[in-house]
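Below is one structure; the comments refer to it alone.
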Amino acid sequence: MNFTKTITPKNDDGSLDQRFGLHIEKLIHLCGVECINTLHTFHKETEESERKAGGAALHMIVKLYSIEMEEWEQKRLAKRVREALQEIGFKPSKVTKLMGAGKFKAKEWNGVYGDEFEYKSNEQLEKEQHDLLSSYGVTALYEISRMNDFGYAKVRNAFSNDKKLFKKCELEEIRKGNPINLDEQRGRSQRTFRRSNNPSPPQVSSGCNSTQYQNLESAADVTESRQLSAQAVVNRFLHAVEPSSMDELLKEYTPYAQDQILSLLAEGVKELSEYLISRRSIRI
């Protein structure tokens, strides 16, 4: 861990704010070597402890989602488990990955995926599925859980045909190209056939409405309109994230989709918090 980089404020684009260079250098000098080394050791031990305990946490979450219970019971228990994992020392970002990976692994554990041209028994296909899910770690499973059926099929087929395991960066690329639709639920039938990895691209109309260029607004009017529009967007956002509004929103989605929404919101809150802290004052 580079402690200088760790405590240096960041710009909006994620780069280090070099204006704080001298201040950071003086702070580290005043702290002394022993202080910095102690914090560095704590960081290493925390990361190592989190890594070792990650498997146990994932195991517990898989078992949580394997227990039959009412939907409201599962949601409430999962929420408390999420809070408990943070209380015992897991980082919020790690907990988000653990919850997503654990739920995905539990729901996909008994899934059987085959090809109509393959002559494999259900037992063989089930073992293949178990081997696939057991071969990937928490971060990888979390990435796969956020893929749609086409992305997931690509991961499965690579493992089934060549025993290939994708690297983290490769899984991220597959996920970006095949993001899950939050309304989507993967099949749970005993035997699910693969689908093509090349869905037809959407047709884009080449037509153009010539009337859109009429009644041009002045630059000042456009700027003011955008400012008001931005304020309206923020107001709608704040209203949407009120607890009562969120509850109404979540009711419209499946339990799996609800967990995905909450996981994405947790990530968004973290990033938004970091952004607000690093945001410089706007001169007007």
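The numbers here are math on the coordinates, done by the rules we state, and not lab data. Everything numeric here is computed off the predicted structure, so don't read it as measured data. Counting neighbours? That spans all protein chains shown, and the Cβs are built from the backbone with ideal geometry, glycine included.
State, to one decimal in nm, how far the label point of Met69 lies from the label point of Ala84, with both points 7 Å from Cα in the Cβ direction.
Placing both labels 7 Å beyond Cα along the Cβ direction yields 0.9 nm.
Taking amide H atoms as placed 1.01 Å from N in the peptide plane, list the residues 5 or more away in sequence, or in a different chain, whose amide H sits under 5 Å from that of Tyr113.
Result for Tyr113 returns Thr192.
Stretch Lys163-Cys31 to full length: gain in nm at 0.36 nm per residue minus the Cα-Cα span? Provide the component values of the computation, followed by the final result.
Numbers: separation 132, 0.36 × 132 = 47.52 nm, distance 5.05 nm.
This chain segment gains 42.5 nm when fully extended.
Take the eigenvalues of the Cα gyration tensor for the range 1-45, scale each by 5, and report the square roots as semi-axes in whole Å, largest first. Show your work: numbers first, answer last.
Numbers: eigenvalues 87, 41, 5 Å².
Calculated on Cα positions only, the semi-axes equal 21, 14, 5 Å.
Among Thr6, Thr139, Thr96, what is the fewest-to-most ranking by other Cβ atoms within 10 Å? Before the final figure, lay out the partial values.
On the way: Thr6 11, Thr139 16, Thr96 22.
Lowest to highest Cβ neighbour count: Thr6, Thr139, Thr96.
Stretch Ser15-Ile277 to full length: gain in nm at 0.36 nm per residue minus the Cα-Cα span? Each step should come with its number before you reach the end.
On the way: separation 262, 0.36 × 262 = 94.32 nm, distance 1.43 nm.
So the chain would gain 92.9 nm between Ser15 and Ile277.
How many angstrom lie between the Cα centre of the range 17-85 and the Cα centre of the range 128-153?
About 23 Å separates the Cα centre of the range 17-85 from the one of the range 128-153.
Would you pull out the residues with amide H under 5 Å of Leu16's amide H, same chain only if 5 or more places away, H placed 1.01 Å from N?
Here Asn11 satisfy the definition.
How much length is gained if the chain between Ile261 and Thr6 is pulled fully straight, taking 0.36 nm per residue apart and subtracting their Cα-Cα distance, in nm to one decimal? Mind dumping the intermediate values first?
Details: separation 255, 0.36 × 255 = 91.80 nm, distance 2.95 nm.
Working it through step by step, the gained length comes to 88.9 nm.
Met246 versus Glu172, label points 7 Å from Cα toward the beta carbon: distance in nm?
It is 2.7 nm.
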